[in-house]
Amino acid sequence: MHFVNRNLANPKQTSNIGMETTLSVEELNKREAEFDAKIAGGKTIEPKDWMPERYRKQLLRMMSQHAHSEVVGMLPEGNWITRAPSLARKAVLLAKVQDEAGHGLYIYSAAETLGMDRSEMIDQLLSGKAKYSSIFNYPTLSWADIGAIGWLVDGAAIVNQTVLAKCSYGPYSRAMLRICKEENFHNKQGYQIMAYLMRGTKEQRDMAQDAMNRFWWPALMMFGPSDTNSPNSADLMKWKVKLNSNDDLRQRFIDRTVPQAEAIGLRIPDDKLKWNESTRHYEFGEINWAEFNQVISGNGPCNKLRMKQRTDAHNNGAWVREAAAAYSAKKAASKK
Amino acid sequence: MSDNNHQWPIWEVFIQPKNGSAHEHAGSVHAPDGEMALLNARDVYGRRLEGVNMWVVPATAIVASTPEDVGPFFDPANDKMYRWPNYFKTPEGIKQIS
Amino acid sequence: MTLNDALKEYCLRIADNSSILAHRLSEWSGHGPILEEDIAMSNMALDLIGQARGFYSYAATLEGKGRTEDDLAFRRDTREFVSRNLVEQPDNKDFGTAMLRSFLYSCLSYLQFRALMNSKDETISGLSAKAIKEVTYHVRHCGDWVVRLGDGTEESHRRISNSVEDLWMYTSELFEQNEVDALLVKEGVAVDLNTLKQDWLNLVDEIFAQAKLTKPAEGGYQSSGGINGMHTEHLGYILAEMQFLPRAYPDAIW
């Protein structure tokens with residue numbers, strides 16, 4: 001039995017592309033044992049290091065999903081840039097959405113070290129083969145939704161990303177470190193928007209509570225299904241691609257967010273929510289996983305719209321990308 | 001340009017954070033040529049980073065050592081401690097001058 | 001008209017231009033042709049919002065009635081806006097039109113800020129010294145794209161040529177002046193735009209030559225009157241969208 005690993009080469013190096021190594025079963029087992037030991041010892045894996053094909057595939061799936069989420073995530077918030085209620089808010093929101101493009105770019109770059117071009121990843125997104133975070137399939141209906149997204153959605157993302165910054169794959173971990181640093185203000189601006197609304201007029205307070213009601217549960221779903229139902233969790237944990245269970249991270253998010261909501265007078269839309277003194281955690285109600293599964297499989301309120309927006313941008317930009325490449329090619333040819 | 005390569009080639013970006021310091025790797029951008037790579041690098045990595053100079057290099061032009069090279073490339077320096085100043089002990093009774 | 005009134009009006013003009021062009025550029029957020037360019041367009045929009053804020057704030061100070069930058073941006077109607085009609089033109093998500101619009105405007109803006117750095121009004125010269133760096137980059141970035149699209153593929157050449165045909169009628173208006181300019185130029189506060197026209201043409205001609213683009217023949221319709229509040233139909237829709245929240249909730253603080 002032979003095993004083909006395309007990953008001995010840095011895929012960015014054309015000189016090595018296509019170099020394939022065939023390993024015997026013994027050699028493969030030995031390398032896997034070394035790889036596992038390396039991860040257990042807290043070492044990072046770098047692009048040119050040998051890695052099991054499943055590790056590469058799982059990472060690629062996770063990282064491309066993450067990058068897609070950043071890029072699709074620009075849309076619901078981008079929806080309010082031209083309607084932001086002050087010049088200062090407009091600038092902050094535009095900078096935040098722009099950061100998301102940047103973060104998508106960083107993560108795509110990190111994923112490209114695993115041997116897949118950004119163009120291929122984008123094709124997978126647009127063909128519906130690759131997924132992105134379910135949260136972005138909900139509409140932004142009022143200005144308060146921009147506050148709710150910054151506070152809850154970015155808050156949840158930060159919990160996730162802080163952990164991912166310690167993951168075993170070097171390029172991903174480094175991208176996460178930079179992203180965490182940059183995203184600090186995202187969460188704060190969202191909370192500030194909510195705080196301003198809650199100390200404003202009755203209409204503003206209603207707007208904020210309405211956004212809270214609509215975004216609370218989808219934000220909890222962002223951490224993914226309970227680990228007992230999460231098909232990829234065991235492998236990912238062993239390889240330190242994932243360091244905490246979905247449920248742990250969700251709990252961490254709830255414990256941190258509930259007091260923030262209370263501080264500005266927002267009600268959490270969950271009748272079962274209560275503090276448990278003995279576990280020192282909040283107990284909370286049942287998440288509607290049927291809804292989550294529907295949204296993830298393409299049947300959410302905005303799935304079609306988001307995909308159309310991304311596809312349109314991609315298609316409307318094709319002639320631009322081609323023109324720039326054609327111009328470069330002409331210039332390069334005329335130099336020769 | 002073919003359909004499956006519509007994102008332009010990758011360039012690695014190096015930024016000199018301040019006058020006198022060395023260029024550091026900042027990340028990558030996609031661009032069809034050097035001029036646009038430079039503009040894109042400025043827009044992507046200049047959002048927060050302060051800098052005084054920028055290099056962009058086609059990713060394909062970078063030749064990297066392999067993990068197998070670690071031993072022969074880096075280990076032989078291990079037994080050449082005489083390259084380090086603290087290898088040299090000043091004999092007793094002589095005043096330390098630096 | 002007092003010098004103070006003229007100066008306020010002059011600041012509003014710059015701020016309105018920046019704010020409306022920023023609005024157009026920010027419509028591209030999430031819809032750019034490639035991630036890198038999405039980021040670049042937002043950078044330009046952010047620069048322009050910054051410029052708008054600076055000049056609106058100064059206008060509010062000069063007015064002295066307690067209005068803020070946001071009052072000036074969000075509580076004035078179309079006939080009070082004194083921006084050039086070029087910046088409000090829609091691009092219908094045609095990237096070439098967006099780049100050309102910014103290029104044509106930024107060339108003027110660059111020359112104007114360069115001159116205003118020597119304004120006798122210290123606030124104007126200070127704001128201009130900051131803006132000139134931003135606008136210099138806008139000219140380079142957008143000019144680069146005009147060249148690439150003009151000399152790229154057959155399709156891109158055809159498209160950007162159409163954009164030139166569509167936008168050229170808003171270019172002579174860029175140099176229109178009124179009593180505000182007359183007063184401020186005399187005092188050494190503002191620059192006479194007539195003195196910038198040839199430099200502007202040179203900048204545009206240079207890029208058009210590289211881009212293999214030709215200017216439309218003279219004699220076609222030319223828009224007029226932006227600085228006197230005479231706009232195209234598009235501005236009303238921009239303001240309806242931009243000003244919706246502060247208008248719908250007049251007592252709210254955001």
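The values are calculated or read from the model by the stated rules, or taken from the named source; none is laboratory data. These figures come from a predicted structure and were not determined experimentally. No Cβ is skipped: glycine too gets one built from the backbone with ideal geometry, and neighbour counts run over all protein chains shown. We work out accessible area using only protein heavy atoms, side chains counted, and drop any ligands, DNA or RNA first. Shrake-Rupley method; radii C 1.70, N 1.55, O 1.52, S 1.80 Å.
Between A:Arg256 and A:Val163, how many nm apart are label points set 7 Å from Cα along the C-beta direction?
In this crude spin-label approximation the distance works out to 1.1 nm.
Any chance you could look up the accessible area of C:Asp251 with a 1.4 Å probe, heavy atoms only, rounded to 10 Å²?
Rounded to the nearest 10, that gives 130 Å².
So how far apart, in nm, are the two label points at C:Ala209 and C:Glu179 if each is 7 Å from Cα heading toward Cβ?
4.3
With N set to the number of residues, divide the alpha-carbon radius of gyration of chain B by 2.2 N^0.38 Å and report two decimals.
Taking N as the residue count of chain B, the ratio is 1.74.
For the protein assembly as shown, what is the percent of antiparallel DSSP beta bridges, rounded to the nearest 5?
Antiparallel bridges make up about 95 percent of those DSSP assigns within the protein assembly as shown.
About its Cα centre, how strong a charge dipole does chain C have in debye, to the nearest 20, once Lys and Arg get +1 and Asp and Glu get -1 at the Cβ?
280
Based on alpha-carbon atoms only, what is the radius of gyration of chain A relative to the globular estimate 2.2 N^0.38 Å?
Working it through for chain A, the quotient is 1.10.
Over both sides of the C-A contact, add up the buried accessible area with a 1.4 Å probe and give it to the nearest 100 Å².
Heavy-atom accessible area buried at this interface is about 4100 Å².
Round to a whole angstrom and tell me the spacing of the C-alpha centers of the stretch A:237-263 and the stretch A:76-142.
Cα centroid of the stretch A:237-263 versus Cα centroid of the stretch A:76-142: 23 Å apart.
Using the Cα centre as the reference, give the magnitude of the dipole from point charges on the C-beta atoms of the stretch C:175-254 (Lys, Arg: +1; Asp, Glu: -1; all else neutral), rounded to the nearest 20 debye.
200
I'm checking a number: the convex hull volume of the Cα atoms of the protein assembly as shown, normalised per residue, in Å³. What is it?
About 235 Å³ per residue, rounded to a whole number.
In Å, what Kirkwood hydrodynamic radius results for chain C from the alpha-carbon pair distances?
For chain C, the Kirkwood estimate is 18.6 Å.
Under 10 Å, Cα contacts only: if you run a Gaussian network model on chain A, which one of A:Ala148, A:Ala324, A:Ala165 comes out with the highest mean-square fluctuation?
With Cα springs under 10 Å in chain A, the top fluctuation among A:Ala148, A:Ala324, A:Ala165 is at A:Ala324.
Could you tell me which residue out of A:Thr311, A:Ile268, C:Ser106 lies farthest along the dipole of the protein assembly as shown toward its positive end? Charges go on the beta carbon: Lys and Arg +1, Asp and Glu -1, centred on the Cα centre.
Selected residue: A:Ile268.
Short version: which residues of the stretch A:160-196 lose at least 30 Å² of accessible area, all chains versus chain alone, 1.4 Å probe?
A:Arg178, A:Glu182, A:Tyr196
I'd like to verify something in chain A: which complete DSSP H helices, judged by Cα projection on the helix axis, reach 15 Å or more and average at least -0.5 on the Kyte-Doolittle scale?
Both cut-offs are met by A:87-112, A:318-335.
Mean-square fluctuation check for chain C, GNM, Cα pairs under 10 Å: which of C:Leu86, C:Leu111, C:Leu62 is largest?
Comparing C:Leu86, C:Leu111, C:Leu62 in the GNM, the peak value goes to C:Leu62.
Helix B:34-45 against the longest principal axis of chain B: what's the angle in degrees, Cα atoms only, rounded to the nearest 10?
That works out to roughly 70 degrees.
Compute for chains C and B the buried accessible surface, both sides summed, probe 1.4 Å, and express it in Å² to the nearest 100.
Rounded to the nearest hundred, the buried surface is 1300 Å².
Just name one of C:Cys142, C:Asn85, C:Thr195: the one whose Cα is farthest towards the positive end of the charge dipole of chain C (beta-carbon charges, Lys/Arg +1, Asp/Glu -1).
C:Thr195
Just want the answer: with Cβ charges of +1 for Lys and Arg and -1 for Asp and Glu, which residue in B:Leu38, B:Pro85, B:Ser65 is farthest toward the dipole's positive end in chain B?
B:Pro85
Average projected area of the Cα convex hull of the stretch C:77-122, in nm²?
4.6
Just the number, please: Stokes-Einstein D of the stretch A:108-213 in µm²/s, Kirkwood Rh from C-alpha pairs, 37 °C, 0.692 mPa s.
Reported coefficient: 208 µm²/s.
Jot down the per residue volume, in cubic angstrom and as a whole number, of the convex hull over the alpha-carbon atoms of the stretch C:121-166.
So the per-residue hull volume is 68 Å³.
Any idea what the dipole of the stretch B:1-74 comes to, in debye rounded to 20, about its Cα centre with Lys/Arg Cβ at +1 and Asp/Glu Cβ at -1?
For this selection, approximately 340 debye.
For C:Thr232 and C:Thr195, what is the calculated FRET efficiency with R₀ set at 25 Å and r taken between the beta-carbons, to the nearest 0.05?
0.35
Could you give the length gained on full extension between B:Phe88 and B:Thr60, defined as 0.36 nm per residue of separation minus the Cα-Cα distance, in nm?
5.7 nm
For the stretch C:32-65, which residues drop by 50 square angstrom or more in accessible area between the chain on its own and all protein chains together (1.4 Å probe)?
C:Pro33, C:Ile34, C:Leu35, C:Glu36, C:Ile39, C:Asn43, C:Leu46, C:Ile49, C:Arg53
For A:Leu243 paired with A:Glu26, estimate the spin-label separation in nm (one decimal), with each label point 7 Å from Cα along the Cα-to-Cβ line.
Going by the 7 Å Cα→Cβ label model, 3.8 nm.
What percentage of the solvent-accessible surface of the protein assembly as shown, computed with a 1.4 Å probe over protein heavy atoms, is contributed by carbon and sulfur atoms?
53
Could you give me D for the stretch C:190-237, from Stokes-Einstein at 10 °C and 1.306 mPa s, where the hydrodynamic radius is the Kirkwood radius over C-alpha pairs? Units µm² s⁻¹, please.
Translational D for this selection: 117 µm²/s.
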